[in-house]
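Each remark here refers to the structure printed beneath this line.
Derivation of every value follows stated rules applied to the coordinates shown; laboratory data play no part. Only a predicted model underlies this, so the values are computations on that prediction, with no experimental measurement involved. Every residue, glycine as well, gets a Cβ built from its backbone with ideal geometry; the counts of neighbours run over all protein chains shown.
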There are 2 protein chains.
Amino acid sequence: MVLGSVVGKYTVGVDFGSESGRAIVVDISDGSTLATAVYPYRNGVIDRSLPVEGDPVRLPPEWALQDPEDYLRVFQTTIPEVLRLSGIDPADVIGVGIDFTACTMLPTTADGTPLCLLPDLRREPHAWVKLWKHHAAQPEADRINEVARQRGEAWLDRYGGRISSEWFFAKSLQILDEAPHVYARAERLIEAADWVVWQLTGHETRNVCTAGYKAMWSASGGFPPRDYLAALHPDFADVVDTRMSRDLAALGSRAGGLSEEAATWTGLRAGTAVAVANVDAHVAVPAATVVEAGRMVMIMGTSTCHMVMSAEERQVPGMCGYVQDGILPGFFGYEAGQSAVGDHFGWFVEHAVPERYHHEARERGMDIHVLLQEKGAALAVGESGLLALDWWNGNRSVLVDTGLSGLLVGATLATTAEEIYRALVEATAYGTRMIMETFEANGVPINDVVACGGLAEKSPLLMQIYADVTGRPFRISGSGQTPALGSAMHAAVAAGPGAGGYATIQDASRAMATLRDVTYEPIAANRAVYDVLYREYVRLHDYFGRGENDVMKTLKGLRARARAGEPT
Amino acid sequence: MVLGSVVGKYTVGVDFGSESGRAIVVDISDGSTLATAVYPYRNGVIDRSLPVEGDPVRLPPEWALQDPEDYLRVFQTTIPEVLRLSGIDPADVIGVGIDFTACTMLPTTADGTPLCLLPDLRREPHAWVKLWKHHAAQPEADRINEVARQRGEAWLDRYGGRISSEWFFAKSLQILDEAPHVYARAERLIEAADWVVWQLTGHETRNVCTAGYKAMWSASGGFPPRDYLAALHPDFADVVDTRMSRDLAALGSRAGGLSEEAATWTGLRAGTAVAVANVDAHVAVPAATVVEAGRMVMIMGTSTCHMVMSAEERQVPGMCGYVQDGILPGFFGYEAGQSAVGDHFGWFVEHAVPERYHHEARERGMDIHVLLQEKGAALAVGESGLLALDWWNGNRSVLVDTGLSGLLVGATLATTAEEIYRALVEATAYGTRMIMETFEANGVPINDVVACGGLAEKSPLLMQIYADVTGRPFRISGSGQTPALGSAMHAAVAAGPGAGGYATIQDASRAMATLRDVTYEPIAANRAVYDVLYREYVRLHDYFGRGENDVMKTLKGLRARARAGEPT
């Protein structure tokens, strides 16, 4: 140690994903990551049967649960590990922040005990955590939408006119519908994001982000009114006041100090500042250097989230929603999404790539995606002769329709796997352009893009295609774990300047967020061809997506009936 | 040998394919095949450079030539071989018949010497045989169609309103356009079918079938008029009278007796009856037991030909053509086609089947197609959720448009290879139903179907799907080499009752043609679902195929420009 050196200040960011939790410890002076640790959830995604002893408790289709104890194990293993790896003094860690998937929610007792930990409810599926991709509450979502439309509920327009089965009230209402005895025991219904912060601080807080994006709350209108909720189910009328909270905390604020118990789990000092909970996609925005309007952040993984801010409140049809101060204070934060991106390419590699490509990849020691991208990159724009609609998992934005499906047109007897792969990549880029143009047409400008996530970092071909198709420069977040960095930044704000942290998330972002030293600029010659292809994409998009030809729904209906063994 | 046994009578049928020639010797009492021999053409399909010594003579794209000496080698090797294998006395062989691909044509001198055998023309591509799939005469075909439309030529309607680049006048005109010196030396322009019969008999004959289907001849109107041909090219005005013949021989008639020279090649007796030449798809009809109107014969291989007869003359839009007495005397013979069927499934297996399927097929010692059909057969109708347009190689009937391309709709992240494979099979069945319904809507009934060719014989799943989709029973030809059997039947008719043969092809068919002991009957429950799917197919077919959305052509145009390195 050098005598006289300034003692560093550090924060810990913990990112809770679908399969694992990840902690990093960060130097808040420049955002550099000193250590990383990952804990894969012991019980992962629970979608077949509950992890309980005795007779198996099988789950119906579309269910996806998690075990709340897995979240505690993330704290108990990863934070001690990053402290050990980095060798820093826990006294120099001034804050902890977390981000989570959303809406991932659970029922608890008044003291925060998950109902699934109560012995008499352990074999009750509705007592467990419902993961974001739990899709079994579709009947409840349908009712939420129908009743809202009938009553002309104004908040519906903030969410593109449709509430997803993934969201908070749909999941809560499913508990009430299907397991009223569990609902009766649920003294609290809470986002897992807020629940893990509760476990760190010892008292309950609620963040404004999940309330706004997933529970139809707004600063001006609050939650949906009591009589609307009563119309959904008489026993649902008082759900907000009996099981939730109207006391919502701003992002970056201090939820509390680390409890003695959590200090023993983590090795951090009791009293260390804990930031209010956040959501993975939202917390990534300042971590990708974006603290102003007009710059889109795309979090690209199995699916893509598109985040953008505006000083203005705008209704943009077909988006996932917007929330005042929902990403950064002072802005309306808008979210859109594409429901299959990495999943799309993953499906192709799993189901449609010939043997000889896998042989070649193995011989050359390459990932199969890298091989397909190398071969795809050798094609000129337009050379594949193919065009696809990127709806293998439905369309989230701008059509908000899970009943849509994938389409490929232009195949010939000379069509190759790399041509199809490239066409699928291009299709996701057209989908992103559609989202950008819908934002702009409704008064939310998009000037440039910062992308983060594995797909963005690993595929220059993909980034160049996105730049060429959208006509906008694409940059890449400097961190390989952007959400966790965002949580660490919020931790520094929660700690505040008095503790050596930052006064605002903007300040934290300017100090701690970086970009990679590469910009993908649109290439004019490619753009010209993509403009032609995009016009064709839009025509197919509208023909199949806006009701002129509902063949995709007819096919899904036939498939469902065939699988159920029903007559047509 | 049993004393007192009736001495059998035999004929030889020779089927000239794209890659090889095949001879069979048949007992004419029951059509049973005694022996088979195949000769793969030494020079195969010539599509890169001429098989000549010295500097290579490279061929442009879309060219496909053959070597006429390969055809003679078929006679010289396969007929002696089947005689040897069967052990029959050549004196008991009462006739020889042949069938050929069409239009496969060549320029010769007045004595029938192919121009490519003349030393000074050996390195001239236009002096060689142009195989049916030579597609380089598209500019000539375009001119043939345009001039015909301008002049309101009535014969154009017999061919669905469009003449193919594969046909006789397009290929002949290309010689004149591009190699007038070769055209000047061509004292005869002749179908290879007729040319090989000439080689057997020593004198030239011309058959009514290729004249009608490939050279715009009809019994009532003859060939296109002189002033039309002059409008194509002044030097083309007298092509019929100077280089072809208006003397056309009926199918089943005797072209002549085997020449002394051909007797030495083949081991047959000089003077043996030689039948007038025929075409592979057409000769298959009576060999598949069909000698009446209303029964379709489908010859299913890489592509499918659909043959049906009617006592009535009808204009059916989008068919390949119809000819009076063109299949059997006394009927108008109609032909339609699908340009990729086996090729379609072949493409899929080559370009889109994952590694693990190939592993499983190898482990179980199965052909990959058989494996995919086994897995596809386990799916209920409609279960794949997929629908395809079978246009990977354009659409021959009923749209007659090579600019169309393949489409697949309905893909999800759960879509499997066997689901896509089954959807491609179903797409070809929908294409067949479209052809059948177009025939029926224009007064040519289709009551049932006999299929022949490898695809029909090997795939019960395919046949059941075709029966279910079309709502018609499908039967399978009893012979594994239906065209060669048809040629042997025509040989028995050419020999006539005086030599122990038959008076008519109907008599020959009743005695010699058989069906397999299986009928694929439509299953009502499957038909109901396929009716729904077919309606969706028709809607996509018309939307993409009849000009409402020309995206397929836009994509092909972009592909062609990208490949040529041209700007958009």
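Some observations on this one:
- Debye, to nearest 20: dipole size of region B:169-225, +1 on Lys, Arg Cβ, -1 on Asp, Glu Cβ: 80
- For trypsin sites (Lys or Arg not before Pro), the sites in region B:38-75 that DSSP calls loop and that have at most 15 other Cβ atoms within 10 Å are B:ARG42, B:ARG48.
- Selected from A:PRO125, B:LEU268, B:MET244, residue furthest toward positive end of dipole (the protein assembly as shown; charges at beta carbon): B:MET244
- Sparse-neighbourhood loop sites, GluC sites (Glu not before Pro) in region A:209-305 - DSSP loop, at most 10 other Cβ within 10 angstrom: none
- Burial ordering of B:TRP195, A:TRP155, fewest other beta-carbon atoms within 10 Å first: A:TRP155, B:TRP195
- Diffusion constant of region A:260-301 at 25 °C, which comes from Stokes-Einstein with the Kirkwood Cα-pair radius and 0.890 mPa s, µm²/s: 190
- Just so you know, the averaged projected area of the alpha carbon convex hull for chain A sits at 28.1 nm².
- Size of electric dipole in region B:87-224: Cβ of Lys, Arg +1 and of Asp, Glu -1, about Cα centre, debye, nearest 20: 400
- Using C-alpha pairs below 8 Å separated by at least 6 residues, the relative contact order for chain A is 16 percent.
- Dipole-positive endmost among B:ALA288, B:VAL551, B:ALA427 within chain B (Cβ charges, Cα centre): B:VAL551
- Applied to region B:259-264, the Karplus parametrisation 6.51 cos²θ - 1.76 cosθ + 1.60 on θ = phi - 60° returns per-residue 3J(HN,Hα) values of 6, 4, 5, 5, 5, 5 Hz, with x for Gly and Pro.
- Viscosity 0.890 mPa s, temperature 25 °C, Stokes-Einstein D of the protein assembly as shown from Kirkwood C-alpha radius, µm²/s: 73
- Calculated mean residue ellipticity at 222 nm for the protein assembly as shown: -12000 deg cm²/dmol, from DSSP H runs with n ≥ 4 weighted as -39500 (n - 2.57), summed, divided by the residue count and rounded to 500.
- Unit charges at the beta carbon, dipole of the protein assembly as shown: most positive-side option, B:MET105, B:GLY454, B:GLN199: B:MET105
- Looking at region B:45-111, the GluC sites (Glu not before Pro) that sit in a DSSP loop and have at most 12 other Cβ atoms within 10 Å of their own Cβ are B:GLU53.
- What the Cα atoms of region A:14-59 give is an Rg and a Dmax of 16.6, 54 Å.
- Each Cα pair under 8 Å and six or more residues apart adds its sequence gap; the mean of these over the residue count of region B:128-219 is a relative contact order of 25 percent.
- Amide H contacts under 5 Å for B:GLY337, placed H, 5+ residues apart: B:HIS306, B:CYS320, B:SER397
- Stokes-Einstein diffusion coefficient of region A:422-532, Kirkwood radius over Cα pairs, 10 °C, 1.306 mPa s, in µm²/s: 101
- All Cα-Cα distances of region B:178-324, cut into 10 Å bins from zero to the largest, leave 10, 31, 33, 22, 4 percent in each bin in turn.
- By the count of other C-beta atoms within 10 Å, a proxy for reagent exposure, B:ASP30, A:ASP70, B:ASP343 are ordered fewest to most as B:ASP30, B:ASP343, A:ASP70.
- Rounded to the nearest 20 debye, dipole of the protein assembly as shown from Cβ charges on Lys, Arg, Asp, Glu: 280
- Neighbourhood charge, 14 Å Cβ-Cβ cut-off, centred on B:SER164 and excluding it, Lys, Arg +1 and Asp, Glu -1: +2
- Placing a label point 7 Å from Cα along the Cα-to-Cβ direction at B:ARG269 gives distances to the equivalent points in the other copies of 11.7 nm, listed shortest first.
- Cβ-based exposure ranking for A:HIS369, B:HIS344, A:HIS203, in which fewest neighbours within 10 Å come first: A:HIS203, A:HIS369, B:HIS344
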